[in-house]
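**Q** Here it is, the structure, as C-alpha cells.
The values are calculated or read from the model by the stated rules, or taken from the named source; none is laboratory data. All figures in this text were calculated on a predicted structure; none of them were measured in a lab. Cβ sites come from the backbone with ideal geometry, for glycine too, and all protein chains shown count toward neighbours.
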Amino acid sequence: MKEVLGKFTTPSPGRRPVVSIEFSKNNFLPRWQHISMMSLMVKSLIASRISEVDADNLDFIANELLENCYKFNAIGTVKFDVYYENGKFTLLFSNQIDEKQMHKLRGFVKTILQSDNPQELLLSRIEANLENDTSSSLGLLTLMNDYKVTLGWEIEPVRNHFYTLLTSAHF
C-alpha cells in the first residue's frame with residue numbers, strides 16, 4: 001500500500017519529461033562527482049528555455065536530490081525526470097530504499113511537517129549538527145527554506161524490506 005508524505009506533486013496527465021535520466025546501481029554506479037555532472041547536464045539542456053537564476057536553482061536542487069537518491073539507494077535503478085510547464089519545475093526521483101532508511105525518512109518528514117517555521121527548524125538542525133556531528137539532513141531543509149521547494153514522497157513496499165521511494169520537488 002502506498003504512503004504519501006508531504007505534498008507529492010505529479011505533472012499534468014500525459015505530460016512528458018523534458019529530461020529523463022536513469023542509471024542502475026547494479027550495472028553503472030557513478031562516482032560521487034558524476035552526480036554534479038548529471039545536474040549540470042540537465043541545467044545545460046534546459047538553460048536556453050529559462051533564466052540564468054532558474055537554471056542555477058535547477059542545478060542546485062537537482063544535485064541535492066540526486067545525491068540523496070545515490071546515497072540512499074539500496075537496490076535497483078535510480079530515475080530522475082524533469083518536467084517544466086507554466087514556468088514551474090516538477091522534478092521526480094525514483095529509487096529503492098531499505099526498511100531502516102524508510103523509517104528514518106518517515107520520522108524526518110514528520111518533523112518537517114509538524115514545524116510551522118522551516119527557517120527555525122533549519123537553524124536548530126545546524127546547531128544540533130555542530131554539537132553532535134550527526135547526519136545533517138540540511139539539504140532538504142535548505143531546499144524548502146532557501147529555494148521554496150515543495151517536497152513530497154510516495155513510499156511503496158516492493159519486496160522483503162525494500163521500498164520504492166518517489167520524491168517530488170516542485171518550484
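**Q** Looking at S168 and the list (1) free of Cβ contacts under 8 Å to residues at least 12 places away in the same chain; (2) more than 12 Å from F72 (Cβ to Cβ), which single condition is not satisfied?
**A** (1)
**Q** Report, by residue number, each residue of region 95-120 that is out of contact with any helix residue (DSSP H, G or I) (no Cβ under 6 Å at 6 or more places or on another chain), surrounded by 14 or more Cβ atoms within 10 Å (Cβ to Cβ) and more than 15 Å from T167 (Cβ to Cβ).
**A** Scanning region 95-120 gives a single hit, D98.
**Q** Could I ask something else about it? What are the pairs with Cβ atoms under 8 angstrom where one residue, in region 1-19, is more than 24 Å from S44 (Cα to Cα) and at pLDDT 95 or above and the other, located anywhere, is aromatic (F, W, Y) and in a strand (DSSP E or B)? Sequence gap at least six, or different chains.
**A** V4/W153; F8/W153
**Q** Among the numbered conditions (1) in a strand (DSSP E or B); (2) under 12 Å from the mean Cα position of the chain (by Cα), tell me where Q96 comes up short.
**A** Answer for Q96: the failing condition is (2).
**Q** State all residues of region 147-171 that are at pLDDT 90 or above and not in a strand (DSSP E or B); if no residue qualifies, say none.
**A** Y147, K148, V149, H161, F171
Residue-by-condition table, conditions (1) of a type outside the set (K, R); (2) within 25 Å of T164 (Cα to Cα):
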site	(1), (2)
H34	yes, yes
M37	yes, yes
K43	no, no
I46	yes, no
R49	no, no
N57	yes, no
N63	yes, yes
F72	yes, yes
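**Q** Collect the residues in region 58-102 that are among the basic types (K, R) and out of contact with any Asp or Glu (no Cβ under 8 Å at 6 or more places or on another chain), keeping them in residue-number order.
**A** K71, K88, K100
**Q** Then there is this: Collect the residues in region 49-81 that are outside any helix (DSSP H, G or I) and either surrounded by fewer than 20 Cβ atoms within 10 Å (Cβ to Cβ) or among the acidic types (D, E) (or both), keeping them in residue-number order.
**A** Within region 49-81, I50, S51, A74, I75, G76, T77, K79, D81 qualify.
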